[in-house]
Each structure stands twice: as C-alpha cells, then as structure tokens.
1. For the range 231-239, indicate whether the set of residues that are open to solvent by 50 Å² or more (accessible area, probe 1.4 Å), free of Cβ contacts under 8 Å to residues at least 40 places away in the same chain, out of contact with any Phe, Trp or Tyr (no Cβ under 6 Å at 6 or more places or on another chain) and within 22 Å of residue 50 (Cβ to Cβ) is non-empty.
2. Which residues, counting only those in the range 220-234, are in a helix (DSSP H, G or I) and over 13 Å from residue 190 (Cβ atoms)?
3. Being modelled with pLDDT under 65 and of a type in the set (Asp, Glu) is the filter here, so list the residues in the range 1-53 that pass it.
4. How about the range 38-129: which helices (runs of 4 or more DSSP H) wholly inside it have at least 2 residues that are over 13 Å from the mean Cα position of the chain (by Cα) and surrounded by fewer than 17 Cβ atoms within 10 Å (Cβ to Cβ)?
5. When you look at residue 217, is it part of a helix (DSSP H, G or I) and acidic (Asp, Glu), yes or no?
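The values are calculated or read from the model by the stated rules, or taken from the named source; none is laboratory data. Please read these numbers as outputs of a predicted model, since none were measured by experiment. Reconstructed Cβ throughout: ideal geometry from the backbone, glycine too, with neighbour counts over all protein chains shown. Surface areas here come from the heavy atoms of the whole protein model, side chains and all, with no ligands, DNA or RNA. Shrake-Rupley method; radii C 1.70, N 1.55, O 1.52, S 1.80 Å.
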Amino acid sequence: MASTSKCPYCGAAVSSDEHCPNCGAPNEGYVINTPRTVFLPKTIDELKEYCAERGMPLLKMRFFVGEDFKEPRAFGIYQDGDEFVVYKNKANGERSIRYRGPDEEYAVSELFAKLLEECHNRGIYPDGKPESGGGSRSTGGGEPKKRNPYGTMIVFFGMFFILFGILVGREIYTHSNDAYYCYEDTYYYHHGNDWYYSHDGDSNWYETNSFPADNYEDYYVGEDYDSDWGVTNFKSSETYQEIVENNSSSSSDYDSWDSSDTDWDSDW
C-alpha cells in the first residue's frame with residue numbers, strides 16, 4: 001500500500017502521485033524520476049530491497065540492515081523478539097540506542113532518514129535529486145493551479161493500456177525472467193540469465209547452474225514474493241545486493257564514499 005499523507009496546501013490525501021490530485025501542488029514525498037519498486041521502505045526487508053535496487057554498498061557505508069553489528073563505527077537496525085532496535089556504534093565502541101520498540105515502520109524510518117542524510121551530505125541522492133530553484137512550490141506567489149482533468153484522463157488511460165498490454169504479453173509469452181518457481185519443496189528464482197535457489201527456512205539464496213526440471217514453467221509460482229513460502233525475499237537477500245553492487249557502474253556515486261567523514265562521536 002502506498003504511503004498516504006495530506007497536501008500542505010489544500011489538505012487532500014496524496015500518496016505516490018507527483019502532484020496533489022486536488023490542487024496540483026507538488027507532493028513532497030514523491031521520488032523523482034525513478035522506476036524502482038520500493039519508494040518509502042516500511043520494513044527491514046523493504047529497506048534491504050531499497051538499498052539493493054540502488055546499488056548501495058552498505059558495508060562500505062557502515063550501515064547494517066537486519067544485523068546486530070558489534071564493532072565500532074556503524075549504524076544498524078535489527079529485530080530482537082517483538083522489538084526493533086535502531087542503533088549507532090560510536091568510534092570508541094559505545095552503543096547509542098536511537099529506538100527500541102514494537103513499531104517496525106517507525107524504526108525503519110529512523111534509520112532510513114539517517115541513511116539519506118549521510119548520502120545527501122556527500123552529494124548523493126538515492127531518493128531523487130532536488131529540483132533546481134530551491135524547490136519553490138508555486139509561481140507568482142498565488143495558489144497552485146488546478147491540473148487539467150482531461151490531461152489526467154489521457155495519462156490514466158494511456159497507462160491502463162500499457163499495463164494491459166504487459167499483462168497480456170505475460171500470459172502469451174513465458175514466465176522466464178525475474179520470477180519464483182518451486183520444485184520439490186525448494187524455491188528457485190530466475191534473475192536475468194541465472195538461477196538461484198533457497199531451501200525452506202533458509203535466509204539466503206545460492207546460485208545454481210540451471211533449474212532441475214526441463215519444464216520449469218510448470219513450477220511457476222509468481223513474480224511477487226510471498227512470506228508463506230518460508231524463504232527470504234530474493235530482492236531482500238545478501239545475494240541480490242551483491243548482484244546489484246557487482247553490476248553497478250565503476251563510476252558509481254558510492255566509489256568515493258569515506259566512512260571517516262561521518263561524525264562517529266555524536267549520539268546520532
């Protein structure tokens with residue numbers, strides 16, 4: 001479900017739209033020019049996926065998502081029973097607890113905000129680079145202009161037919177890429193040209209040469225992850241993160257990341 005908030009100008013509900021559907025004002029929560037799946041992570045798994053999709057080298061950045069990392073100079077989040085813990089290990093090894101409690105979404109938001117802050121301090125904008133001009137919300141000092149409803153309808157129907165064509169195409173053609181399959185109680189994920197597998201209860205995915213059966217499409221279970229399967233979401237796994245990092249451009253924004261630039265002596 002998309003994150004919903006109120007427009008600061010007219011009070012209407014806005015979610016993942018670029019502009020308020022009522023008055024046309026810019027939506028502060030909109031992520032600019034990004035096709036990625038996760039926009040505002042609310043769970044530890046979603047935060048892992050967010051970072052993996054953007055090729056973030058978390059070890060180099062000193063962020064440990066889903067791990068109670070003990071060494072100095074680290075930010076992290078992990079689950080401890082029914083509670084979620086957000087922490088910072090200072091340069092001297094002392095731990096500062098930012099949050100401990102049952103609210104996973106709040107815990108994730110705390111670490112996510114710090115992650116973005118560290119990125120922004122280095123001129124990196126995984127959440128979308130701010131537009132030039134200071135982010136002015138209106139022109140001429142007046143109320144935001146209402147959007148053309150006919151233009152919105154055209155965009156809506158255009159997107160509808162595009163999505164319809166994609167769905168039809170998926171039925172006509174094979175489910176061969178970026179999808180889950182299950183064979184003899186083992187789950188497989190086909191990513192690009194490679195196969196990965198995970199057993200029941202396993203926390204990671206492992207590369208394999210091929211699917212064990214010739215008619216792998218008969219074992220298709222879906223493109224979207226289901227926690228009832230008892231395995232980890234492939235896109236939240238360390239394996240997927242490594243794939244993304246290895247495929248990142250050699251001129252990645254994160255190549256020059258220096259963790260010593262972080263203030264490791266403060267509480268947060």
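1. Yes.
2. Of all residues in the range 220-234, those in a helix (DSSP H, G or I) come to 227-229, 234.
Passing the criteria: 227, 228, 229.
3. 17, 18, 28
4. 58-61, 104-121
5. Numbers: part of a helix (DSSP H, G or I): yes; acidic (Asp, Glu): yes.
Judged against the criteria, residue 217 is a match.
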